[in-house]
1. Give the span of the range 114-173's Cα atoms along each principal axis, as three whole-Å numbers ordered largest to smallest.
2. Go through 208-214, 151-157 and give me the packing order, highest mean Cβ count within 10 Å leading.
3. Take residue 468 and residue 124, extend 7 Å from each Cα along the Cα→Cβ direction, and tell me the distance between the two endpoints in nm.
4. On a full-extension model of 0.36 nm per residue, what is the gain between residue 107 and residue 203, subtracting their alpha-carbon distance, rounded to one decimal in nm?
5. Taking the Cβ-Cβ separation of residue 458 and residue 543 as r and a Förster radius of 41 Å, what is the calculated FRET efficiency to the nearest 0.05?
6. Counting C-alpha atoms alone, how compact is the range 204-321: give Rg to one decimal and Dmax as a whole number, in angstrom.
7. Percent relative contact order of the range 204-321, based on C-alpha pairs within less than 8 angstrom and at least six residues apart?
8. Please report the relative contact order for the chain, taking Cα pairs under 8 Å with a sequence separation of at least 6, and give it as a percent rounded to a whole number.
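A short reminder: the numbers here are calculations on the coordinates, not readings from a lab. Model, not experiment: these values are computed from the prediction. No Cβ is skipped: glycine too gets one built from the backbone with ideal geometry, and neighbour counts run over all protein chains shown.
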Amino acid sequence: MTEPGRLRVLIEADGEDAGVAALTRYLEAGSRFQVDSSPRLRPAGHQLVLVVGDRPPDAEEAAALRAHLRAGGGMVVLGSALATWMRDPELVALAGCAPGDQAPLSEVRVRPVPGQAISARLDEEVLLRDRPWLGCAPPEAEPLLMVRWRFRDEVVGFRVGMGGGRRVCLGLGSVPGLLAVPAFQQLVHRCLCAAAGLEATPTLGVGLYGYGAIGREHAEAVTATEGLELRRICDRSPQRRADAEERHGTPTCASEDLLLGDPSVDVVVVGLPPVAHPQGVLASLAAGKHVVCEKPFAIRSADAERMMVAAERSGRVLTVYQSRRWDPDFLLTRRLLDQGRIGSPFYMESFIGGFSHPCGYWHSHEPISGGAVYDWGSHYLDWVLLLFPGEVVEVRASAHKRVWHDVTNADQVRVDLRFAGGEEASFLQSDIAAALKPKWYLLGTEGAIVAEWRLETVKSRAWTGDLVESRLQPADSPALVRVYWPSGDGTSIEVPPLPARPRNAFYRNLVDHLLLGEPLAVSPREAWRTVAVMEAATRSIAAGGREQRVRI
């Protein structure tokens with residue numbers, strides 16, 4: 001049975017193909033498509049057809065596809081299928097193509113055509129290694145994607161109508177493994193939307209519930225994201241409201257009721273202190289708003305569960321601002337693992353800290369913040385659970401209170417995890433560490449990844465001409481990532497370049513999920529797992545470091 005609001009997609013491909021399986025998981029992880037795989041092109045009962053395999057349709061299947069398109073259906077043909085379709089003029093016409101040529105294998109810069117059906121919020125260019133089909137777009141085609149090829153812009157993705165339906169030809173995807181690349185999967189999702197005629201993108205109004213330390217970051221990211229508009233900011237502090245009005249020119253209020261009762265606000269960002277997250281999230285959901293909750297999602301896993309149940313009952317989207325998933329050093333580490341560069345990971349140590357006085361805000365007050373483990377642990381343990389997706393079966397933690405007695409948070413916390421497969425991971429946060437450990441130390445069955453802190457200094461000049469040097473905190477710079485492999489009697493070391501930080505990636509994904517049905521980057525279930533681990537760590541600390549048997 002098809003879920004309400006989902007379009008049924010028929011993928012014509014070998015059901016055992018790993019790339020097709022990865023693409024299917026991606027498409028079904030969103031809220032737009034339900035995917036059926038079949039070796040035959042029989043689109044009856046489906047709104048869309050995605051042609052991936054290299055088997056050309058027979059006469060009966062071709063006739064069914066023509067009828068499907070004339071009746072208003074959509075079809076997307078990938079480059080992996082074009083090699084066989086190009087041999088038959090009737091299939092070339094069915095795909096809406098002109099006869100073209102396949103370029104040699106190369107890394108190509110894929111660029112969405114600005115203002116066209118699939119371009120909203122996509123990166124200006126995506127680098128993909130492939131054999132693109134060039135010269136296939138007929139004059140009447142609507143160009144969607146271009147590549148720069150030998151100093152010319154060549155169309156590699158386009159849309160052409162047929163009867164009441166739409167055909168999209170995406171001349172990429174010939175290289176094995178590309179179907180499993182997230183950037184390419186997003187392009188396929190967009191092409192399916194274009195084939196279905198789903199391109200209306202209304203602007204979503206956003207309200208900030210709390211304008212504290214990170215309020216400016218949220219406001220600027222919302223303002224910079226296509227498809228979002230900052231419409232109201234709620235905060236009890238007159239000074240913060242005045243600052244918000246001056247910086248962003250947005251109406252402010254002191255009352256929760258004014259924010260949640262504003263019909264122009266579709267999404268509420270709950271930026272209250274952690275102890276108040278459940279109250280803010282539940283009130284926002286009850287008012288019919290989609291909700292972004294600041295990290296940590298909650299202090300207690302039971303509160304996280306209540307919020308998830310409320311979101312499901314209200315039919316609204318709930319997500320958590322795990323913004324550091326897009327840190328360049330973590331993106332690189334995750335990519336290296338996905339590529340199998342160090343084999344299967346089985347052991348990880350991670351660290352954040354230094355020797356410095358904790359801040360005097362609520363972040364350092366355990367009854368409000370949840371304690372030290374909920375601070376950087378919200379990010380680090382989120383990373384750990386993404387790198388080790390297996391079930392957590394044991395949590396053990398310890399804490400020290402030795403130096404900074406004017407705050408209630410512990411000076412140092414350590415959390416140790418053991419997974420069902422035997423993997424181990426640890427997290428150490430310390431405000432009394434005079435020497436730094438690596439940011440993370442990750443062992444795999446075929447190598448290792450070590451992220452070393454970079455101690456950077458920003459240099460400027462005073463008005464007198466004197467040199468001014470300001471040392472950044474280690475956490476303010478992405479780490480230097482090294483990959484180690486055994487090599488004969490020694491070790492080979494590589495220092496891969498860090499990727500660029502994607503701009504406003506969290507909010508771009510939120511809009512793409514709400515308007516286009518793309519997969520949500522941070523699911524509340526993932527955030528619940530992090531809370532459950534931190535809660536178990538807190539119980540272990542209270543029990544003198546006794547291990548907590550769990551199933552998380």
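1. Per principal axis, max minus min of the Cα coordinates gives 34, 26, 20 Å.
2. Details: 208-214: 22.1, 151-157: 18.9.
For the peptides 208-214, 151-157, the packing ranking is 208-214, 151-157.
3. Those two pseudo-labels are separated by 3.0 nm.
4. Answer, rounded to one decimal: 31.1 nm.
5. With a Förster radius of 41 Å, E is 0.40.
6. 13.2, 39
7. Values: 218 pairs, mean separation 27.6, N = 118.
Result for the range 204-321 is 23 percent.
8. Numbers: 1182 pairs, mean separation 64.2, N = 552.
Normalised by residue count, the contact order of the chain is 12 percent.
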